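Shown next, in structure tokens, is the structure this report addresses.
The values are calculated or read from the model by the stated rules, or taken from the named source; none is laboratory data. Because the structure is predicted, anything quoted here is derived from the model rather than measured. Neighbour counts run over all protein chains shown; Cβ positions are idealised from the backbone, glycine included. Remember, those area values only see protein heavy atoms, side chains included, never the ligands or the DNA or RNA. Shrake-Rupley method; radii C 1.70, N 1.55, O 1.52, S 1.80 Å.
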Amino acid sequence: MKPPAHMRSHRRRSGGQRWDAHNSTRQAQILEAAVALIEENDPNVEVSIQQIAERAGLARSVVYRQFDNREDLDSRVREFIVERYVGEVERVLTLDPAKTLEEIILDVMRTVVRWAAAHPKLYRYGQSGWVHGQATGETSLTIGRHRVAEALWQQVSSWTAILGIEVLPYRPVVYGIVGLVEGIVTQYIGTPADAERPDQEAIARLLASSVWHLYAGHAADRGYHFERSATMGESLAKLLADAAAKQD
């Protein structure tokens with residue numbers, strides 16, 4: 001005897017969910033394998049489907065079933081790379097009230113420079129073509145830049161909203177900062193390791209100092225002056241006190 005219709009439907013949905021999870025796991029295996037092979041091989045060497053399948057411990061036919069074609073696989077690899085990169089940056093992109101703004105910026109810059117220096121082949125591969133789910137022509141570098149800029153903007157605007165400070169006109173500057181950072185980092189990792197170049201810490205500190213001066217300069221234009229050694233908590237308390245004094 002067949003089970004009631006509602007039970008049969010439920011069983012099909014459950015089976016479908018299990019199959020989706022199974023496919024998701026396999027896709028993750030394949031993407032992890034592809035990323036590992038990209039890092040191991042020369043940038044001019046194309047990693048084959050067979051190599052990816054062998055590294056993932058799967059049959060080549062399984063790889064073909066998981067993606068529409070090679071272009072689809074490559075675009076999903078770039079998506080996988082950008083998610084890793086942005087995740088690393090977003091993890092440290094928090095306005096800790098116990099730190100100075102420059103210390104917070106430096107934490108972010110160290111993360112960006114360290115990741116790019118540790119994964120130069122992935123960093124470059126992400127710029128080599130389109131990313132799954134995005135407009136054609138948008139590389140992982142462009143998408144990562146937008147994602148990081150939006151995360152930074154949310155942090156800045158949430159704090160300034162508390163203080164009643166209008167910062168919307170400065171939103172393009174946030175994107176400009178991210179573009180500046182990515183430009184310098186791209187030039188840095190493109191410099192041969194045996195050439196004379198600054199170390200990672202020097203690059204991170206240069207970037208942090210540059211961003212600090214840009215921030216402090218715009219703030220000064222608006223009549224806000226911050227001590228470079230003041231913590232975010234101290235700066236916020238001063239701004240709140242100044243705002244209260246103006247109301248009295």
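If only the Cβ of Lys and Arg carry +1 and only the Cβ of Asp and Glu carry -1, the dipole of the chain around its Cα centre is close to 1420 debye.
Projecting the Cα atoms of A98, V63, P172 onto the charge dipole of the chain (Cβ charges, centred on the Cα centre) puts V63 farthest toward the positive pole.
Working from the alpha-carbon coordinates of the chain, get Rg over Rh, Rh being the Kirkwood radius. Don't skip to the end; give the middle numbers.
Details: Rg = 23.6 Å, Rh = 21.2 Å.
Rounded to two decimals, Rg/Rh equals 1.11.
Averaged per residue, the chain has 58 square angstrom of accessible surface, using a 1.4 angstrom probe with ligands and nucleic acids left out. Only protein heavy atoms count here; under a 1.4 Å probe, D221 has an accessible surface of about 130 Å².
By the rule of a C-alpha distance below 20 Å, with chain neighbours fewer than 8 residues away ignored, the aspartates and glutamates paired with K99 are E88, E90, D107, E201, E227, E234. Once you order the gyration tensor axes a ≥ b ≥ c over the Cα atoms, which shape class does segment 117-207 get: rounded for a/c under 1.5, otherwise prolate or oblate by comparing a/b with b/c? The shape class here is oblate. Counting only GluC sites (Glu not before Pro) that DSSP places in a loop and that have at most 13 other Cβ atoms within 10 Å, the longest clean stretch of the chain runs over 47-165. Compactness of segment 81-166 was expressed as the Cα radius of gyration divided by 2.2 N^0.38 Å, which yields 1.23. Roll a 1.4 angstrom probe over the protein heavy atoms and tell me the percent of accessible area of segment 21-113 that is carbon or sulfur. C and S fraction of accessible area: 45 percent. Note on the chain: helix-only mean residue ellipticity at 222 nm, from DSSP H runs of 4+ residues weighted -39500 (n - 2.57) and normalised by residue number, equals -24500 deg cm²/dmol. With the Kirkwood sum run over all distinct C-alpha pairs, segment 168-248 has a hydrodynamic radius of 15.3 Å.
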